[in-house]
Amino acid sequence: MQMTAKPDSDRFQSGADKYAAYLETPEGRLRCGLAFANLQDFLVLPQSRRSLRCLDLGCGTGATAVRLARLGIHMTLLDSSSAMLDIAKRAAREAGVDGRIALNHGDAAQLANLFPAGSFDVVLCHNILEYVDDPVAVLRGAARAMRDSSAILSVIVRNQAGAVLKAAIQAGDLAAAEQNLTAQWGHESLYAGKVRLFTAESLQAMLMDASLAVTAKRGLRVVSDYLPPRVSLSAEYDRIFELELKLGKRPDFAAVARYTQCLARCAGPVTEGGA
């Protein structure tokens, strides 16, 4: 799978079921649910008969795509893992929205060659920039695929500050916490592999390089990973979700969240590197 930057990149093929199971945990549900709630704040569903068209890059199991398809949005899914696409196909069929979901097996790095320019009103780039060799190239391809300046790009990445707090609070590893202050790569527990970390400045620079302007920022999972054992994520899920929504909209708390979500629009013509 050329999409990933590491030799163990087949983890998304062989570990698709593991990832699907993770999304059913409170942590996985929070990440997806909060991201979807933030996205809904910026979606303007057309009153005309023309339905929005959305491209989901690195769609995984299609969890977000199914939710958007239920709103009447036509979804185009792209993933380089056929196993992930198989799960997404099954999820769409079970939800009764398979007629609004098109599955594509391909590499996000080749996005410019896969779809005509200006094809989509919404582009999702959720948790794939951590794994690609060239995040800016993927963002340029996403910008090229966006219909016009009214189109929305939603990007989710792992926050370097969140990696610092995870090491210090969750693992009690002060040496790792200090190292993560400047680390460009972190460790992910699900597949036991490396994952790229982003600062607010590095993500902003990448988006600017792709002629994209940030319109909003949100934090995902600000405190839920660090709650004491007496607080059950399952039993208190709804209450925690509402608290996370409030915290994620406040810049002071969003800055230290485990994940950062940026909403962006095209700020100008895409450079030749993305053509």
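How much net charge surrounds Y22 when only other residues with a Cβ under 12 Å from its Cβ are counted (Lys, Arg +1; Asp, Glu -1)?
Local charge sum for Y22: -1.
Which percent, nearest 5, of DSSP beta bridges in the chain are antiparallel? Before the final figure, lay out each step's value.
Numbers: 18 of 39 bridges.
Of those bridges, close to 45 percent are antiparallel.
Test of understanding: express the Cα radius of gyration of the stretch 190-275 as a ratio to 2.2 N^0.38 Å, with N the residue count. If you can, show how the numbers build up before the last one.
Numbers: Rg = 16.5 Å, N = 86, 2.2 N^0.38 = 12.0 Å.
Normalised Rg, Cα atoms only: 1.38.
Kindly give the semi-axes, whole Å and largest first, of the ellipsoid equivalent to the stretch 106-231, taking each as the square root of 5 times a Cα gyration tensor eigenvalue.
Largest first, the stretch 106-231 gives 31, 15, 13 Å.
Report, to the nearest 10°, how far helix 135-145 tilts away from the longest principal axis of the Cα atoms in the chain, using its own Cα long axis and a range of 0 to 90°.
30 degrees
Show me 96-102, 133-139 ranked by packing, highest mean number of other Cβ atoms within 10 Å first.
Packing proxy ranking, top to bottom: 133-139, 96-102.
What nm value, rounded to one decimal, do you get for the distance between L43 and A102 when each label is placed 7 Å out toward the C-beta?
1.9 nm
Between A175 and R50, what's the calculated FRET efficiency when r is the beta-carbon distance and R0 is 41 Å? Round to 0.05. Spell out each step's value before the answer.
Values: r = 55 Å, r/R0 = 1.34.
About 0.15, to the nearest 0.05.
Could you tell me which of G248, A175, L207 has its Cα farthest along the dipole of the chain towards the positive end, charges placed at Cβ (Lys, Arg +1; Asp, Glu -1), taken about the Cα centre?
G248
Student exercise: in the chain, how many lysine pairs 8 or more apart or on different chains have Cα atoms under 21 Å apart?
Number of lysine pairs found: 10.
Quick one: if the Förster radius is 25 Å, what FRET efficiency do D134 and V256 give, using the C-beta to C-beta distance and rounding to 0.05? Before the final figure, lay out the partial values.
Values: r = 27 Å, r/R0 = 1.10.
After rounding to 0.05, the efficiency reads 0.35.
Counting other Cβ atoms within 10 Å, which trypsin sites (Lys or Arg not before Pro) in the stretch 42-77 have at most 11 and lie in a DSSP loop?
R49, R50
What are the ³J(HN,Hα) couplings of the stretch 261-266, residue after residue, when phi is run through the Karplus curve with 6.51, -1.76, 1.60 and θ = phi - 60°? Round to Hz, x for glycine and proline.
10, 10, 9, 9, 10, 5
With +1 on the Cβ of every Lys and Arg and -1 on the Cβ of every Asp and Glu, and nothing else charged, how large is the dipole of the stretch 186-275 about its Cα centre, in debye rounded to the nearest 20?
160 debye
Taking a virtual spin label 7 Å from the Cα of K249 along the C-beta vector, which residues in the stretch 25-69 bring their backbone nitrogen under 17 Å of it?
33-44
For the chain, take the longest principal axis of its alpha carbons; what is the angle in degrees between that and the long axis of helix 26-42, to the nearest 10 within 0 to 90?
Compared with the principal axis, the helix lies near 50 degrees.
Based on Cα positions only, what radius of gyration and what Dmax would you give for the chain, in angstroms?
17.8, 57
What does the accessible area per residue of the stretch 140-275 come to in Å², with a 1.4 Å probe and no ligands, DNA or RNA counted?
On the way: 6740 Å² over 136 residues.
That works out to 50 Å² for each residue.
Roughly speaking, to the nearest percent, how much of the chain's 1.4 Å accessible area is carbon and sulfur?
51 percent
Roughly how far apart, in whole Å, are the Cα centres of the stretch 196-227 and the stretch 96-158?
First find each Cα centre; the distance between them is then 17 Å.
The values are calculated or read from the model by the stated rules, or taken from the named source; none is laboratory data. Since this is a predicted model, take the numbers as computed values, not measurements. Note: ideal-geometry Cβ built from the backbone for every residue, glycine included; neighbour counts use all protein chains shown. Just the protein is used for accessible areas: all its heavy atoms, side chains included, with ligands, DNA and RNA removed. Shrake-Rupley method; radii C 1.70, N 1.55, O 1.52, S 1.80 Å.
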